[in-house]
Amino acid sequence: MVSFIMFNLKKWITIYFFICIIACIVVTLLPWWPTLNVLIIPKYVLLFGPRWLLLLLVLPIVFVWRMLSTKQKAVYPLLILCSFNYLDFQLPKLWHYFAADNVTVDELKVVSYNIGGGGSQKELKLLVKDIKPDILLLQEASRIDLTKLSPDDYVGECISGLCILSKYPFTRTRTLGRKLFGGWGKFAAFYHIATPSGQLSLANIHLETPRSVLMGVIYRYFDQVFAEKIEENRQFEVDLINVWATNNQQNTVIVGDFNMPGDENLFRQSFSDLHDAVEVKGFGYNDTKYTSWFGVRIDHVLYTPDMYLVDVEVFKLLKGDHQPLMAILRMSKQ
């Protein structure tokens, strides 16, 4: 009787272990998922859902450690690593410390902050005062009064909720709006900024959100046609941003609310030629967007490989569902 119970228990442990392996493979391959319409909603759920659920799935195996086979014991640490990778736990890239050739000494402090979800102008003013960014990029900032926010040595402008505040003179070269595909508002503003180290090409962006699709999933309403339209819009936006980036391959920075985690296939396909500041030098968890019970990193600072990243940090403020992201960069010599 005991042997029968043990046999069946080991069988169910093997099945459970196999399920954990499949789950880890699925989420690890997210950046390389094929762009099939049938995968859009599952992709959104895995990208924007509570990622700690995978770790919660894997951890109970510890309690039956003695019943695991030798192969299962060898594989289990990989499942834990996969779970932390899915949680977007960051470690600095070693190659970065050997990539400081042909860059200027002057440092450029760039801060991005989506202030739309409850961020206050008072906290933003303190942020500018304490951090003293060289360039501050805001998204969803239609209610922000830059004249009350900035000291006299800054210049700035706001266009459809996309704001820039800079210590250095800038020229806006163009903007992109959602009227191109039947929407409203701007999703990108492009600038040339005259820094002491030379001209910086910069994009401040706020891309389409899949929030409506996710809300449909929560309420068990799966609108595949609507999901395909959202994905089509997001693809169109990143394609246009990518065209601009292709034409600006030196001293170029793309900053803002991408509404895309770094492991989304669309993000990898479109921005793989650029460095993501948090992925290069971040440590630990650097979520920039929070719900009531989990976070995700959808705000990014991307820069061309000719530049050098000195430091990166996500600031934890009291208000707002997004957190400011700062990157300190050195430009390449021109």
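The values are calculated or read from the model by the stated rules, or taken from the named source; none is laboratory data. Bear in mind that the values here come from a model prediction, so they are computed numbers and not experimental data. Note that we place each Cβ from the backbone using ideal geometry, even for glycine, and neighbour counts take in every protein chain shown.
Among the residues of segment 181-191, is there at least one that is farther than 22 Å from residue 327 by Cα, in a strand (DSSP E or B) and either in contact with a helix residue (DSSP H, G or I) (Cβ under 8 Å, 6 or more places away or on another chain) or modelled with pLDDT of 95 or more (or both)?
yes
As an exercise: evaluate residue 295 against (1) at pLDDT below 95; (2) of a type in the set (Gly, Ala, Ser); (3) closer than 23 Å to residue 172 by Cβ and give the number of the one condition it does not meet.
(3)
Looking only at segment 152-190, count how many residues are of a type outside the set (D, E, K, R) and surrounded by fewer than 14 Cβ atoms within 10 Å (Cβ to Cβ).
The qualifying residues number 7.
Take the residues of segment 201-234 that are touching a residue at least 12 places away in the same chain (Cβ under 8 Å) and either outside the structural domain of residue 179 (by TED's automatic domain parsing) or hydroxyl-bearing (Ser, Thr, Tyr) (or both): which is nearest to residue 254 (Cα to Cα)?
201
Out of segment 29-38, which residues are surrounded by 15 or more Cβ atoms within 10 Å (Cβ to Cβ) and part of a helix (DSSP H, G or I)?
30, 31
With the structure loaded, tell me whether residue 126 is more than 23 Å from the chain's Cα centre (by Cα), assigned by TED's automatic domain parsing to the domain that holds residue 185 and either assigned to a loop (DSSP other than H, G, I, E, B) or more than 21 Å from residue 287 (Cβ to Cβ) (or both) or whether it fails that test.
Taking the combined requirement at face value, the residue satisfies it.
Only one of these conditions is not met by residue 108: (1) outside the structural domain of residue 16 (by TED's automatic domain parsing); (2) out of contact with any helix residue (DSSP H, G or I) (no Cβ under 8 Å at 6 or more places or on another chain); (3) farther than 30 Å from residue 306 by Cβ. Which number is it?
It is condition (3) that residue 108 fails.
Residues that are surrounded by fewer than 21 Cβ atoms within 10 Å (Cβ to Cβ), over 25 Å from residue 48 (Cβ atoms) and either not β-branched (Val, Ile, Thr) or not assigned by TED's automatic domain parsing to the domain that holds residue 303 (or both): does segment 134-141 have at least one?
no
Among the residues of segment 199-247, write down those that are buried (at least 20 other Cβ atoms within 10 Å of the Cβ) and either in a loop (DSSP other than H, G, I, E, B) or of a type in the set (Lys, Arg) (or both).
Across segment 199-247, the qualifying residues are 207, 208, 210, 234.
For segment 196-247, name all the residues that are in contact with a helix residue (DSSP H, G or I) (Cβ under 8 Å, 6 or more places away or on another chain), small (Gly, Ala, Ser) and within 22 Å of residue 160 (Cα to Cα).
Selection gives 203, 212, 245.
Return the pairs, sorted by first residue and then second, in which the second residue is assigned to a loop (DSSP other than H, G, I, E, B) and of a type in the set (Lys, Arg), the first residue lies in segment 66-87 and is under 24 Å from residue 285 (Cα atoms), the beta carbons are less than 7 Å apart, and the residues are 6+ apart or on different chains.
86/51; 87/51
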